[in-house]
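Q: Input: one structure, supplied below.
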Ligand code: TYM
């Protein structure tokens, strides 16, 4: 089984990315042939600084390695190193419905947030994401809940391609965790934790120091009750229950049982401590890995070689099926 996922090199990675996606990437290495891509081309669809993009690329690479991705057991590479992604994106445009792209939640959200240019790149973002996955004929795509619609779209694109041009692409399935697929902002628990648009105090970064994490968790917004249980009218507590469950590797029900009758103060203190200990080794490894940029660059280059070996034959099959370029 082949697993593929992508992550943006923008901003700093937060607890939502870590719980919803990165832990799944690490587990994927034991479950199949795992391929992970840091998507610099996607990052160019909103205003950005080129120098900073390169820095963030190394930051993200170091975070992923620190979290436990092992270049011996997975393929970790930079999207912009494998030109086949952009060509496949264009070819897939012919089997992508304009109306579907217009209905993408993330496009609407991101387009609404732009003050100057709403780039065409933002509109085509999901087609490039489809190309990322389909190029590797991946079966499974581990993501958080916010990527559900993008994975649906890539399935439609692959199906339409296969019925128009013959069986060529694998129709992938999403893998969204049951718990932790949508970690919410600690200050505004009705919205998801996010790099852009989230509150600074409500966003726990993977690289935050222990004091900062503790402060953010202890000041998390909760309701006026005192029961540690998940409920629709308790988004703040529900979120913290899920966080603690994932961090401890237990079911949310167990968390609720353990903290029954204990009140929010003790509960939040336990969540804070657990999150600090959960992220501590990642931050420490990150600090060792990040300064050696040459080693990070070498790891990405080696990953790109391996990625290309899979991508090139797929693209050749797609070109052949579509009658594009010289015949084989
Ligand atoms: P990105 O970089 O925004 O997010 C990376 C992963 O983190 C998950 N995530 C969350 N999970 C739980 N709670 C949250 N609050 C939360 N916020 C983010 C996301 O679901 C994602 O899995 N479009 C993708 C990148 C991409 C991609 C791909 C993904 C490009 N090509 C191909 C899969 C396959 C994105 O913006 O990720």
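Taken together, the values in this text are just the output of simple stated rules run on the coordinates, not laboratory data. The structure presented is a predicted model; accordingly, all values stated were derived computationally and were not measured. In this analysis, Cβ positions are derived from the backbone assuming ideal geometry, glycine residues included, and neighbour counts consider all displayed protein chains.
Q: Enumerate the helices (runs of 4 or more DSSP H) found wholly within the stretch 96-184, keeping only those where 2 or more residues are touching a helix residue (DSSP H, G or I) at 6+ places or on another chain (Cβ under 9 Å), within 8 Å of the ligand (Cβ to nearest atom) and under 14 Å from residue 45 (Cβ atoms).
A: Working: elements: 98-102, 105-113, 120-134, 148-165.
Those helices (runs of 4 or more DSSP H) span 120-134.
Q: Still on this structure, I have one more. Would you call residue 246 in contact (Cβ under 8 Å) with a residue 40 or more places away in the chain, within 11 Å of the ligand (Cβ to nearest atom) and part of a helix (DSSP H, G or I)? Outline the logic, then answer.
A: Numbers: in contact (Cβ under 8 Å) with a residue 40 or more places away in the chain: yes; within 11 Å of the ligand (Cβ to nearest atom): yes; part of a helix (DSSP H, G or I): yes.
Yes, satisfied.
Q: Here's another thing I want to ask about it. Does the stretch 63-86 contain at least one residue that is on the phi > 0 side of the Ramachandran plot and touching a residue at least 60 places away in the same chain (Cβ under 8 Å)? Even if it seems obvious, please write down each step before you answer.
A: Filtering the stretch 63-86 down to residues on the phi > 0 side of the Ramachandran plot leaves 68.
Next, only the ones that are touching a residue at least 60 places away in the same chain (Cβ under 8 Å) stay: none.
No, the stretch 63-86 contains no residue that is on the phi > 0 side of the Ramachandran plot and touching a residue at least 60 places away in the same chain (Cβ under 8 Å).
Q: Of all residues being surrounded by fewer than 24 Cβ atoms within 10 Å (Cβ to Cβ) and more than 20 Å from residue 74 (Cβ to Cβ) in the stretch 6-40, which is farthest from the ligand (Cβ to nearest atom)? Just the residue, please.
A: 12
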